[in-house]
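Chemist: What follows is a single structure, and I will ask about it in a moment.
The values are calculated or read from the model by the stated rules, or taken from the named source; none is laboratory data. Because the structure is predicted, anything quoted here is derived from the model rather than measured. Heads up, the Cβs are rebuilt from the backbone with ideal geometry, glycines too, and the neighbour counts pull from every protein chain shown. Note: areas computed on protein heavy atoms with side chains; ligands, DNA, RNA excluded. Shrake-Rupley method; radii C 1.70, N 1.55, O 1.52, S 1.80 Å.
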Amino acid sequence: MSATVLVGAQWGDEGKGKITDLISGDFDVVCRYGGGANAGHSVVANGHHLALHQIPSGIVHKDVLSVIGNGCIVDPTVILEEIDHLKAEGLDCAGLRISGNAHIVMPWHKDLDGAHEKNLGKNLIGTTKRGIGPCYMDKMNRTGLRMQDMLDPARFREKVEASLAYQNPILEKVYGLPTYSVDAVCEEFAAYAERLNPHIVESGKLLNEELAQGKSILFEGAQATMLDIDHGTYPFVTSSNCTAGGAVTGSGVGPTNIDRVLGVAKAYLTRVGSGPFPTELDLDEGVGKFLLETGHEYGVTTGRKRRCGWYDAVVTKFAAQVNGLTDLAITKLDVLTGLDTIKVCTAYDCDGVEYTTVPEHRALFDAAKPKYIEVPGWTEDITGCKSFDELPKNAQDYIKLIEELSGVKVSFVAVGPDREQTINRFWK
Ligand code: GDP
Ligand code: IMO
Ligand code: MG
């Protein structure tokens, strides 16, 4: 057994790209299992500053096989741009494998995403407008186009015809948007197929063959636990199962192959888009403004300001439960340097009832008022610390508190964006 799942333990942007890059050299394969170009994973290593949307963060390591699993959705325009960008950085994507079962984000999925958001008005989800919801809708409706369809122009054309037969009226009559012609779409996609077809494989077979040969796989989660379609703050979520279970359905590898689940969490909390966020702070002043500015909390995919708040131990405890976390990586500890005291949410008051895990009913979560404990901060620069013992005592105690409240060992502590700025406590 040698598959590990790496998963976002909060609302996304925890530093999954950084931690994936850090450990992927120890694996033979890195595989994305869900989501699409809504993800934005930063990797800062070997002089590269990368923002990856579709391609696994293991791509920086040339001996690691990068796989986009069947649970992902692929936007050909974004992935080709990414391949070109990586090539310009001197990184070769020739070995990239894309599942034939991954669905394709078609141009109308992006139009429909934007139009639906506009219709929601003040209740908008705040999506990345990358066509995620409409593409997964087509998948679940069994009307989607898959990467394997690009291998056969006649079949691709048939599918586009069938899809546009019902999507064009929706675009035109429901949203007053321009429609698509089958010919133009097929012509556009023929150019994408020419470049992408060599990457399309039977990925489930490939991954299982790798495991059978004793190779190891790292599953790189995108989005996060609280954005999961089933376990997150519905409807303010994405449209896939981002939690660890998604690694099984999104790859074709059985659950008994997985022996570790590493959750990634920031030492505070951020969220992009709408939805409940009990420990949220005002971005215009005080600690909220401090976290936004010191943590450079702007989205990698959309450039939006991220909402910022105190660390929420209830959320991490929930993530530990839903994902079966064996380890935690705590990132951005350096951002807290300079605060006199730090608050940690340990429970919610939901209409007079105390919750120490995330309430499953939306009305209760909407009403959740955080209950805090306050611990002393530190002022020393920690960005150069190489071991846990080098951290100031209050920073060490903060990590131990996170460990105690989640019941999960903190194996990594990140003190800066670079691959080198990471303390490995327990990971082997
Ligand atoms: P992901 O979506 O989970 O991969 O995270 P993002 O890349 O969207 O956002 C995390 C941001 O924090 C990126 O800009 C990273 O370079 C940066 N980052 C990661 N770890 C650390 C850390 O320990 N300290 C600091 N200061 N920045 C970090
Ligand atoms: P990474 O992998 C943070 C959020 C959007 C929106 C909601 C639905 O970089 O952590 P979607 O476009 O998926 O339909 O948007 O989910 N969201 C993310 N927030 N990080 C992400 O990915 C996200 N992917 C989607 O902001 O609130
Ligand atoms: Mg991100």
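Chemist: Among 143, 127, which is the only one that is in a loop (DSSP other than H, G, I, E, B), of a type in the set (Val, Ile, Thr), under 22 Å from the mean Cα position of the chain (by Cα) and more than 20 Å from residue 178 (Cα to Cα)?
Modeler: 127
Chemist: If you don't mind, there's one more thing I want to ask. For residue 206, which of the numbered conditions (1) in a loop (DSSP other than H, G, I, E, B); (2) within 22 Å of residue 54 (Cβ to Cβ) fails to hold?
Modeler: Evaluating residue 206 over (1) in a loop (DSSP other than H, G, I, E, B); (2) within 22 Å of residue 54 (Cβ to Cβ) leaves (1) as the failure.
Chemist: Let me ask something additional. Return yes when residue 376 is open to solvent by 60 Å² or more (accessible area, probe 1.4 Å) and modelled with pLDDT of 95 or more and no when it is not.
Modeler: yes
Chemist: If you go through the range 150-176, how many residues are open to solvent by less than 50 Å² (accessible area, probe 1.4 Å) and either closer than 18 Å to residue 54 by Cβ or of a type in the set (A, V, I, L, M, F, W, C) (or both)?
Modeler: So the count comes out to 5.
Chemist: Is it the case that residue 137 is crowded, with 19+ Cβ neighbours inside 10 Å, more than 16 Å from ligand 1 (Cβ to nearest atom) and either more than 20 Å from the chain's Cα centre (by Cα) or of a type outside the set (Gly, Ala, Ser) (or both)? Walk me through it before giving the result.
Modeler: Values: crowded, with 19+ Cβ neighbours inside 10 Å: no; more than 16 Å from ligand 1 (Cβ to nearest atom): yes; either more than 20 Å from the chain's Cα centre (by Cα) or of a type outside the set (Gly, Ala, Ser) (or both): yes.
Spelling it out, it is not the case that residue 137 is crowded, with 19+ Cβ neighbours inside 10 Å, more than 16 Å from ligand 1 (Cβ to nearest atom) and either more than 20 Å from the chain's Cα centre (by Cα) or of a type outside the set (Gly, Ala, Ser) (or both).
Chemist: Can you name the strands (runs of 3 or more DSSP E) wholly within the range 365-428 that have at least 3 residues being assigned by TED's automatic domain parsing to the domain that holds residue 319 and of a type outside the set (S, T, N, Q)?
Modeler: Hits in the range 365-428: 369-376, 409-414.
Chemist: Starting from residues that are of a type in the set (Phe, Trp, Tyr) and more than 9 Å from ligand 2 (Cβ to nearest atom), keep the ones in the range 9-53 and report whichever is nearest to residue 227 (Cα to Cα).
Modeler: 33
Chemist: Here is a follow-up. Could you pull out the residue among 255, 169, 178, 198 that is closer than 29 Å to residue 408 by Cα and at pLDDT 95 or above? Let's see the steps before the verdict.
Modeler: Values: 169 fails: closer than 29 Å to residue 408 by Cα; 178 fails: closer than 29 Å to residue 408 by Cα; 198 fails: closer than 29 Å to residue 408 by Cα.
Result of the check over 255, 169, 178, 198: 255.
Chemist: If you don't mind, another one. Is there a residue being open to solvent by less than 40 Å² (accessible area, probe 1.4 Å), within 19 Å of the chain's Cα centre (by Cα) and within 16 Å of ligand 3 (Cβ to nearest atom) anywhere in the range 96-103?
Modeler: Checking the range 96-103: not a single residue is open to solvent by less than 40 Å² (accessible area, probe 1.4 Å), within 19 Å of the chain's Cα centre (by Cα) and within 16 Å of ligand 3 (Cβ to nearest atom).
Chemist: I would also like to ask the following. Scan the range 268-295 and report the pairs whose first residue is more than 19 Å from residue 233 (Cα to Cα) and touching a residue at least 24 places away in the same chain (Cβ under 8 Å) and whose second residue is outside any loop (DSSP other than H, G, I, E, B) and open to solvent by 30 Å² or more (accessible area, probe 1.4 Å), with Cβ atoms within less than 8 Å and a gap of 6+ or a chain change.
Modeler: 283/289; 283/305; 283/307
Chemist: Scan the range 9-21 and report the pairs whose first residue is more than 15 Å from residue 416 (Cβ to Cβ) and whose second residue is of a type in the set (Asp, Glu), with Cβ atoms within less than 9 Å and a gap of 6+ or a chain change.
Modeler: Filtered contacts from the range 9-21: 10/312; 13/297; 16/220; 20/220.
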